[in-house]
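Colleague: Quick one: this structure, given as structure tokens, is what I'll be asking you about.
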Amino acid sequence: MAVKHPLNIVKMKKMKQEGNPITMITAYDYPSAKLAEEAGIDVLLVGDSLGNVVLGYDSTIPVTTDDIVYHTRAVARGAQHTFIVADLPFMTYHGSIDETLKTVRRIMQEGGAHAVKMEGGPEIAPAVRRIVEAGVPVLGHIGLTPQSVNQIGGYRIQGKDERDARRLLEEAKALESAGVFGIVLELVTEEVAAAITEQISVPTIGIGAGRKVDGQVLVFHDVLKYGSDYREKRFVKTYADIGAEIRTGISQYVSEVKGKAFPEEKHGFAAEDGVIEQLYGKGKVESRS
């Protein structure tokens, strides 16, 4: 089988021009990354959503740079032929540019990412520009921005009225001018997402942004219902119920161990003839039996 060559930002822009949708999914560890690569995914995102689905937090805010580096490193080992984007964590790019660049350097050098993702609009454009000038591709993210969920009042649909639509378009253009190679549009009305996609030259990747964008991204655990007490989401389509399969499998294991049905003889290993006699002596073995 031919070796897969990872996408790059030039190829992604060409995909937009040709109307070839870009596929992206989150990954947080070696097995999920490897499976996604084998399935033919275009881009992997080590999202700070790992805080919710892997680390057990109720938001992305507690996720640290160390967390992102650790998980990105595992993903990079599992998907060596796929373009990998890693999130910059909460409040790591709103202070001094030197500190921001240190964070980016760690994620690229220690984590092995090919690009970073940043949430926000014109307020982060200077930082985006400096990171791009340093040679690092940046993926923008507007609409519902989870790191700002407390400020925007919860998980609300963006772009419902003219004022909000204009704000989103201005944010997208500011990010494009700053040099991003693409923009994630999260929970944005389909009409506004379509308008943004039409008016900027870089690819748009939608999550809950409808059909008229240049690509789609979903969370690994949402696609596969991988988790306990899974909550359905309108903008998500699930393709397998891995959570149910896992629970069933583990429950069966517990039941068989409790019932002494596992392990069976075929699951054990036999010693060479005479080993037990040599350890305990023939008489003792016979008395034990």
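Colleague: Wholly within segment 210-289, which helices (runs of 4 or more DSSP H) include no fewer than the required count, namely at least 3 residues that are more than 30 Å from Ala39 (Cα to Cα)?
Modeller: The qualifying helices (runs of 4 or more DSSP H) are 242-258, 275-280, 282-288.
Colleague: Given (1) under 34 Å from the mean Cα position of the chain (by Cα); (2) modelled with pLDDT of 95 or more; (3) exposed (fewer than 13 other Cβ atoms within 10 Å of the Cβ), identify the lone condition not met by Glu264.
Modeller: (1)
Colleague: Please go through segment 181-202 and give me each residue that is free of Cβ contacts under 8 Å to residues at least 60 places away in the same chain, more than 21 Å from Arg234 (Cα to Cα) and out of contact with any Asp or Glu (no Cβ under 8 Å at 6 or more places or on another chain), ordered by number.
Modeller: If the condition is that a residue be free of Cβ contacts under 8 Å to residues at least 60 places away in the same chain, more than 21 Å from Arg234 (Cα to Cα) and out of contact with any Asp or Glu (no Cβ under 8 Å at 6 or more places or on another chain), then Ala195, Ile196, Glu198, Gln199 are the ones that fit.
Colleague: Looking at Ile25, is it under 25 Å from Gly121 (Cα atoms), of a type outside the set (Phe, Trp, Tyr), in contact with a strand residue (DSSP E or B) (Cβ under 8 Å, 6 or more places away or on another chain) and at pLDDT 95 or above?
Modeller: yes
Colleague: Condition first: of a type in the set (Gly, Ala, Ser), under 19 Å from Glu18 (Cα atoms) and not in a helix (DSSP H, G or I). Now tell me which residues in segment 167-209 satisfy that.
Modeller: Once the filter is applied, which keeps residues that are of a type in the set (Gly, Ala, Ser), under 19 Å from Glu18 (Cα atoms) and not in a helix (DSSP H, G or I), segment 167-209 yields Gly182, Ser201, Gly206.
Colleague: Within segment 96-106, is even one residue among the hydrophobic types (A, V, I, L, M, F, W, C), in contact (Cβ under 8 Å) with a residue 12 or more places away in the chain and touching a Ser or Thr at 6+ places or on another chain (Cβ under 8 Å)?
Modeller: So far as segment 96-106 goes, no, none of its residues is among the hydrophobic types (A, V, I, L, M, F, W, C), in contact (Cβ under 8 Å) with a residue 12 or more places away in the chain and touching a Ser or Thr at 6+ places or on another chain (Cβ under 8 Å).
Colleague: Quick one: what pairs do we get from segment 24-37, first residue within 18 Å of Gln216 (Cβ to Cβ) and hydroxyl-bearing (Ser, Thr, Tyr), second part of a strand (DSSP E or B) and at pLDDT 95 or above, C-beta under 8 Å, 6+ apart or different chains?
Modeller: Thr26/Leu44; Thr26/Leu45; Thr26/Val46; Thr26/Val217; Thr26/Leu218
The values are calculated or read from the model by the stated rules, or taken from the named source; none is laboratory data. Note that the structure is predicted; figures quoted are calculated from it, not measured. All Cβ positions, glycine included, derive from the backbone under ideal geometry; neighbour counts span all protein chains shown.
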